[in-house]
Each structure stands twice: as C-alpha cells, then as structure tokens.
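> The structure under discussion is supplied below as structure tokens; questions concerning it will follow.
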Amino acid sequence: MNGQKARCAECRTEIEIPSSYAHGDHVKCATCGTRHKVVRTGEAVRLVLADVGPLKETLRQYEAQQNRLEAELRHARASFGVGVNGIGIGVAYAIWQVAFKEGQIGVPLLWEAVAVAVVSGVLLELANYFFLAKRKAMSRLSQEIEEVEAEARAVQQKIREASRV
Ligand SMILES: [Zn+2]
C-alpha cells in the first residue's frame, strides 16, 4: 500500500508517510531532521511538530518584542503634541511681543510683520517636520506591532495544532 505525503512543518519538504504510521506516531524530516507527529483525520494525513519547545521559545521572543514595541509606542504617544504646543506658545509669544513693542517703541510695522512671518514660518516648518517624523515613527511602530502579533498568532496556532495530537 502506498504511503501518503505531507509537508515538513519546518522546511516544507514532502515527507512520505507509510500507511503503517498511525495517528500520533513520530516521523523525522530527512531534509532538516525536524521531528513530527502524524495527524490522521479520516483519509487525510498531516504533520505537526513533535517538539513545541522551540516554538514556545519563539513565541516568548515575539511577546517580549511586542511588549517592547508597545512601550515605545506609548512613549511616542505621550510625548506627541508637546513640541507642537511649545511651538504654538512660541508663536503666540512672538506675536504678543511684536504687538507690545509696536505700542511701546513704534518700530515700522513692515519689519514687525516680516519678522513674525519668518519666525512663525520657521517654527511652523519645524513643528511640521517633527510632527511628521513622530507620526511616521508611530505608524511604523504600529505596523511592526501588527506584524509581530501576526507572527505570534501563527506560532500559537502551530503550538495548538501540535498539542492536540
Ligand atoms: Zn524539514
């Protein structure tokens, strides 16, 4: 009787599973040496990892990485807007100062306007730059967290499958 074929959970090489191998029997991948357990459901046959130790270790690493990224994201969120507020206050101060000076000393209005335009322009440009940089960092972190979560879910799924046999 011909054996069935299933793919190695590690390297995806096809492994021949003789029909004498029952559900729960161990089979080793000839290519990478990974040990598997045979899973038989009706006519179908699948292979799951025999040793989930390394998977659990990988999962722990993902979880640690996820925690690190989330802490970084919280930090980025917490400091977000502080710089923008500072810039706003700076601009308000500059405007107030110009108005105050004009009332006091009467410096030509044109120069006042130019100074305010240049100063607030530079400040707004800076604010914009930092705002975008921070937002970019935040979306990059969110993206990384999603990726790690997806990886962790895939590993958890493998562990669950392997533990059922
Ligand atoms: Zn293999």
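> Mind telling me which of the residues A99, A76 ends up being in contact with a Leu (Cβ under 9 Å, 6 or more places away or on another chain), surrounded by 12 or more Cβ atoms within 10 Å (Cβ to Cβ), in a helix (DSSP H, G or I) and at pLDDT below 90? Outline the logic, then answer.
Details: A99 fails: in contact with a Leu (Cβ under 9 Å, 6 or more places away or on another chain).
Going through A99, A76 in turn, just one is in contact with a Leu (Cβ under 9 Å, 6 or more places away or on another chain), surrounded by 12 or more Cβ atoms within 10 Å (Cβ to Cβ), in a helix (DSSP H, G or I) and at pLDDT below 90: A76.
> Still on this structure, please answer the following. Enumerate the pairs (first residue in the stretch 27-43 and of a type in the set (A, V, I, L, M); second residue anywhere and within 8 Å of the ligand (Cβ to nearest atom)) with beta-carbon separation below 8 Å, excluding pairs fewer than 6 apart on the same chain, so at least 6 apart or on different chains.
Going by the 8 Å Cβ cut-off, the qualifying pairs are V27/I15; A30/T13; A30/I15.
> Taking into account only those residues within the stretch 10-34 that are away from the ligand (no atom under 13 Å from the Cβ) and of a type outside the set (S, T, Y), which is surrounded by the most Cβ atoms within 10 Å (Cβ to Cβ)?
In the first step, residues of the stretch 10-34 are kept if they are away from the ligand (no atom under 13 Å from the Cβ); the result is 17-26.
Those left that are additionally of a type outside the set (S, T, Y): 17-18, 22-26.
Details: I17: 19, P18: 12, A22: 8, H23: 11, G24: 11, D25: 16, H26: 11.
Ranking the qualifying residues of the stretch 10-34, first place goes to I17.
> Under 7 Å between Cβ atoms, at least 6 apart or on separate chains: pull out the pairs that start in the stretch 124-152 with a residue that is assigned to a helix (DSSP H, G or I) and end on any residue that is aromatic (F, W, Y) and at pLDDT below 90.
Within 7 Å, the pairs are K134/F80.
> Please count how many residues of the stretch 35-44 are closer than 15 Å to R164 by Cβ and more than 10 Å from the ligand (Cβ to nearest atom).
The total comes to 6.
The values are calculated or read from the model by the stated rules, or taken from the named source; none is laboratory data. The shown structure was predicted, so the numbers you read here are calculated from the model rather than taken from an experiment. Don't worry about glycine lacking a Cβ; one is built from the backbone with ideal geometry, like all the others, and counts go over all protein chains shown.
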